[in-house]
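Worksheet: one structure, shown below.
No value in this document is a laboratory result; all are computed from the given coordinates. On a predicted model such as this, the values are computed, not experimentally measured, just so you know. For neighbour counting, all protein chains shown are included, and Cβ atoms are generated from backbone atoms with ideal geometry for every residue, glycine included.
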Amino acid sequence: LLSKLPDVGTSIFAVMTQLAQECGAINLAQGFPDYDPPLALQQALARHATTSGHHQYAPMPGLLRLREAIAGKTARVYGVPAPDAATEITVTCGATEALYAVLAAVVHPGDEVLVLEPAYDLYGPAIRLQGGVPVYVPLSAADFRPDWDRVRASLTSSTRLVMLNSPHNPSGAVLTAEDLDQLAALLAGTDTLVLSDEVYEHMVFDGEPHRSVLRHPALRERAFVLSSFGKTYHATGWKMGYCVAPPALTAEVRRVHQFLTFAVSTPTQHALADMLETDSGHDEGLPAFYQHKRDLFRELLAGSRFELLPVPGGYFQLARYHQISADNDVTFARHLTREAGVAVVPVSAFYHHGHNTGLVRFCFAKQDSTLRAAAERLVGL
Ligand code: PMP
Ligand code: GLN
């Protein structure tokens, strides 16, 4: 068989979780919480899963009541006019499906897609599967912020799309209002589109706001903006997300979405609609909830030989380990999982060249007791 992705192995998240399970290690590798979604949401799902008539295909773009609830939430959270539920919102099988549908919808063979690196592991392979060419622009080694001069130098007449991810996985870096202005200036007068992966939108710390592309009119009109209910409701296993984009762009996403999954789980959409309609301020509490976990984990590791990088957003902590080991990051991550009993992700997995970074990524979306148990195993190293 002639593979379409001959150089791609199994995703690092699957690999490290399997290794963690084999070794009985605490899994701070794959990004998922070890606590449950809000009880009201679980109960809503149970209710709809036992409601007659809620078991067949949902409408292709998503249940209208859920899209309307998403429109209302978007207006409330970002202080922008509500996106049109009929023409601007598509409910997807996680942000993962939305990423793939957008790329399949807009990337023609030979098109260039600008990716700031390090980047989530899906981006490069999904671009290549469309015949696109990922053009990697390194983020600053010091703080993982974009260098807009380098972005400018990498844009060509073949650049179909620029991919953004803020808060950023794995670094937690967040884009500022100036960053968005800089990008908008670079794209003015071109037909280059923007894919803004904002799955960590509710995890921005130290009183800073999340600078959503939805709040930037010049970018908004050329952007696909992605959210994940998995991240927002501690429900990564539900695989529910959505894409907000102007009508012409949404029409293209739906052309692909209808043949990728057609629609996503009906009872789950009803449950999320209930939750959003009776919003109890869940998302407003998330920055403080995760900032507490960030601060606790950093405090717990303060006496260790890990060097902790700043975490402005997201739910990952990057750490240098050169005081503990001279191994490359893949070897060190495996060793830490097997010998210390704490699974992590080697940061080289977020680079297309896969070179050693000397960094590992810890997920702190864990119960405080899990973070304490992990830290006990890490401080003595
Ligand atoms: N983008 C980024 C940056 C992510 O970290 C993740 C989740 N790990 C996704 C997309 C996928 O989101 P979902 O789980 O909703 O498919
Ligand atoms: N996004 C999660 C992470 O970065 C994992 C998602 C997945 O396993 N596909 O760890």
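Data table
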item: Residues (within 29 Å of LEU193 (Cα to Cα), under 21 Å from the mean Cα position of the chain (by Cα) and not in a loop (DSSP other than H, G, I, E, B)) located in the range 257-277; result: HIS257, LEU260, GLN269
item: Pair list, Cβ under 8 Å, 6 or more apart: the range 7-32 residue free of Cβ contacts under 8 Å to residues at least 60 places away in the same chain, other residue of a type outside the set (Gly, Ala, Ser) and within 14 Å of ligand 2 (Cβ to nearest atom); result: GLY9/VAL15; ALA14/GLN30; GLN21/ASN27
item: Residues satisfying the stated conditions in the range 319-378, i.e. surrounded by 22 or more Cβ atoms within 10 Å (Cβ to Cβ), assigned to a loop (DSSP other than H, G, I, E, B) and of a type in the set (D, E, K, R); result: LYS366
item: Members of the range 1-55 found to be of a type in the set (Asp, Glu) and either within 19 Å of ALA349 (Cα to Cα) or outside any helix (DSSP H, G or I) (or both), listed by number; result: ASP7, ASP34, ASP36
item: Count - residues of the range 211-237 that are part of a loop (DSSP other than H, G, I, E, B), under 16 Å from ILE70 (Cβ atoms) and either touching a Phe, Trp or Tyr at 6+ places or on another chain (Cβ under 7 Å) or away from ligand 2 (no atom under 16 Å from the Cβ) (or both); result: 2
item: Among the candidates VAL137, VAL199, residue that is outside any strand (DSSP E or B), touching a Ser or Thr at 6+ places or on another chain (Cβ under 6 Å) and of a type outside the set (Phe, Trp, Tyr); result: VAL199
item: Output for the range 65-109, where each listed residue is among the small types (Gly, Ala, Ser) and under 23 Å from PHE350 (Cα atoms); result: GLY94, ALA95, ALA98, ALA101, ALA104
item: Residues that are of a type in the set (Lys, Arg) and away from ligand 2 (no atom under 16 Å from the Cβ), drawn from the range 238-272; result: ARG254, ARG255
item: Among (1) touching a residue at least 12 places away in the same chain (Cβ under 8 Å); (2) over 13 Å from the mean Cα position of the chain (by Cα) - the single one ASP121 does not satisfy; result: (2)
item: Selection within the range 88-116 - within 13 Å of ligand 1 (Cβ to nearest atom) and over 22 Å from THR250 (Cα atoms); result: LEU116
item: Residue ID - nearest to ligand 2 (Cβ to nearest atom), chosen from residues in the range 44-68 that are surrounded by fewer than 14 Cβ atoms within 10 Å (Cβ to Cβ) and without any contact (Cβ under 8 Å) to a residue 24 or more places away in the chain; result: ALA46
item: Single match in ALA101, ALA25, ALA71, ALA85 (criterion: more than 30 Å from PHE297 (Cβ to Cβ), more than 22 Å from the chain's Cα centre (by Cα) and surrounded by 15 or more Cβ atoms within 10 Å (Cβ to Cβ)); result: ALA85
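One line per residue, one yes/no per condition, for (1) within 18 Å of PRO310 (Cα to Cα); (2) touching a strand residue (DSSP E or B) at 6+ places or on another chain (Cβ under 6 Å); (3) of a type outside the set (A, V, I, L, M):
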{"site": "GLY132", "(1), (2), (3)": "no, yes, yes"}
{"site": "VAL135", "(1), (2), (3)": "no, yes, no"}
{"site": "SER140", "(1), (2), (3)": "yes, no, yes"}
{"site": "ASP149", "(1), (2), (3)": "no, no, yes"}
{"site": "ARG152", "(1), (2), (3)": "no, no, yes"}
{"site": "SER166", "(1), (2), (3)": "yes, no, yes"}
{"site": "ASP179", "(1), (2), (3)": "no, no, yes"}
{"site": "LEU183", "(1), (2), (3)": "no, no, no"}
